[in-house]
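The values are calculated or read from the model by the stated rules, or taken from the named source; none is laboratory data. What you see is a predicted model, and the numbers here were worked out from it, not measured in a lab. FYI the Cβ positions are ideal-geometry reconstructions off the backbone, even for glycines, and counts take in every protein chain you see.
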Amino acid sequence: MASSPLLVLFFSGWSQILLYGLNTVLFVTGIYLLGQRERREGTTFIVLSSVLLFAFASISAVVGTASVVGGYLSIPLVPGTSPSATGINLSACSIIQYVVLHLVDFTAFMILVYRCFSIWGRNYLVIVIPVVIILAETGVYYYELRHYIKIQFASGLQQQTSSEVLKKSLAFTTAALILAAVANALLTLLIAGRIWWLKRRVQHLTGNGIIGNLPQKYDSIIAITMESGMIIPIFLIIYTVYSIRNTSGDHDALVIMAFMLPQVIAFAPLLIMVRVGLGLTVERDHVKTSSSYATRSTTNQSRSQPHLLNISRDIRVSVSMGQPDDVELDTVPSKGRAF
C-alpha cells in the first residue's frame, strides 16, 4: 500500500535535516579540535577535504529541502484539481542532487584513500584496486545520468514517473551501488588490517608484547576504524538489496533513503576528522620488517635505541624498534628518548 505523498515528504525532509545537523556538529567539533593541535602536514589535507565534503553535503541539504518544499506546494489543496505553481524547478533540483551525491561520495572516498595510502607507507600498489573500482563506478554512474536527465523526475513527487525511471536504470544503479560499497569496504579493511599488523609486529619485536594497556588501545582503534568505515558500505548494501527486492512498485522507502544517502556518506569521513582531532589514531607507520633488522632487534634489544609510538591522544610508550615513519603527518620524527 502506497504511503501518502505528504508522509513521504515529511520523513524525507526531516531525516536529511537531522543527519545534516549531526554532520554540522561533527564538522565544527573536528575543525575546533584540529585547530587546537599542533599544525602538521597531514592535518592540512584532512581539513581541506573535510571542508569540501561538508560544502557538498550542505548543497545537498539545501537542494533536498527545496525539493521537499516544492513537493508540498505542488500537492493540490483540493483532490482532483491542478497543483499551483511553486516557482521551484523540481527536475533541476533532482538532477543537482544526483550530481552532488556522487561528489560527496567521491570526496569521502578520497579521504579514505589518503589514509590508506599514508598508513601503508605511501605504497601506490595498495590503493590501485580500490581506485580502479571507484573509477568504474564513476563511469557507470554518469552513464546512468544520461537516462536520468531525459525524464522529468523529482523523487517522491511523481510516482508514475518515478517507477519508470527506477525500472530503466535499475541495472546501472545496482552496479554503481555495489562498486561503491566494495571500494569503500576494501579501503576500510586495508586500514584496519594494517593497524592490526602493526600491533602484531610491535609485539613480536618487543618480545613480551606491548607494554601496559596499549594492546587494548590498538584494538579500540581498529574497532573504531571498522565501525566508522563500514557505515557507507552497509547503507549502500541495504539500499541495493531493497531496490532489487522491491517488486511491489512502492518506492517510498527508497525515496527516503535517497534523501538520507548524501548525509550518511558524509558522516563517516567527518567522524574520522573528529577522531584525528582527538588523537584516536595510529600516527606512526610501520616497523621495519626485514629479517636482518628483526634478528638484530632480537639479539641486541638491550642496546637498541627506543623510539616513540604515538597512539590514542598522544600517549607515549618506549619500545625498542627502528626509526618509524609518521602515518598521519607524512614526516619522519626525530630520534626519540626513553620515558
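Report yes if some residue within region 83-98 is surrounded by 14 or more Cβ atoms within 10 Å (Cβ to Cβ), closer than 17 Å to Ala268 by Cα and either modelled with pLDDT of 90 or more or within 27 Å of the chain's Cα centre (by Cα) (or both); otherwise report no.
Scanning region 83-98 turns up no residue that is surrounded by 14 or more Cβ atoms within 10 Å (Cβ to Cβ), closer than 17 Å to Ala268 by Cα and either modelled with pLDDT of 90 or more or within 27 Å of the chain's Cα centre (by Cα) (or both).
As an exercise: evaluate Gly156 against (1) at positive phi; (2) at pLDDT 70 or above and give the number of the one condition it does not meet.
If we test Gly156 against (1) at positive phi; (2) at pLDDT 70 or above, just (2) comes out false.
Being within 26 Å of Tyr32 (Cβ to Cβ), in contact with a Cys (Cβ under 6 Å, 6 or more places away or on another chain) and at pLDDT 85 or above is true for just one of Ile231, Ile265, Ile191. Which residue is that?
Ile191
From (1) touching a helix residue (DSSP H, G or I) at 6+ places or on another chain (Cβ under 9 Å); (2) at pLDDT 95 or above; (3) of a type outside the set (Ser, Thr, Tyr), pick out the condition that doesn't hold for Gly70.
(2)
Could you list, in sequence order, the residues of region 1-12 that are surrounded by 15 or more Cβ atoms within 10 Å (Cβ to Cβ) and either at pLDDT 95 or above or not in a helix (DSSP H, G or I) (or both)?
The answer is Ser3, and nothing else.
I'm told Ala108 meets every condition in (1) of a type in the set (Gly, Ala, Ser); (2) within 23 Å of Ser94 (Cα to Cα); (3) within 18 Å of the chain's Cα centre (by Cα); (4) modelled with pLDDT under 90 except one. Can you identify the failing condition by its number?
Looking at each condition in turn, Ala108 falls short on (4).
For residues that are assigned to a loop (DSSP other than H, G, I, E, B) and exposed (fewer than 14 other Cβ atoms within 10 Å of the Cβ), scanning just region 208-228, find the one that is modelled with the highest pLDDT.
Checking each candidate, the answer is Asn213.
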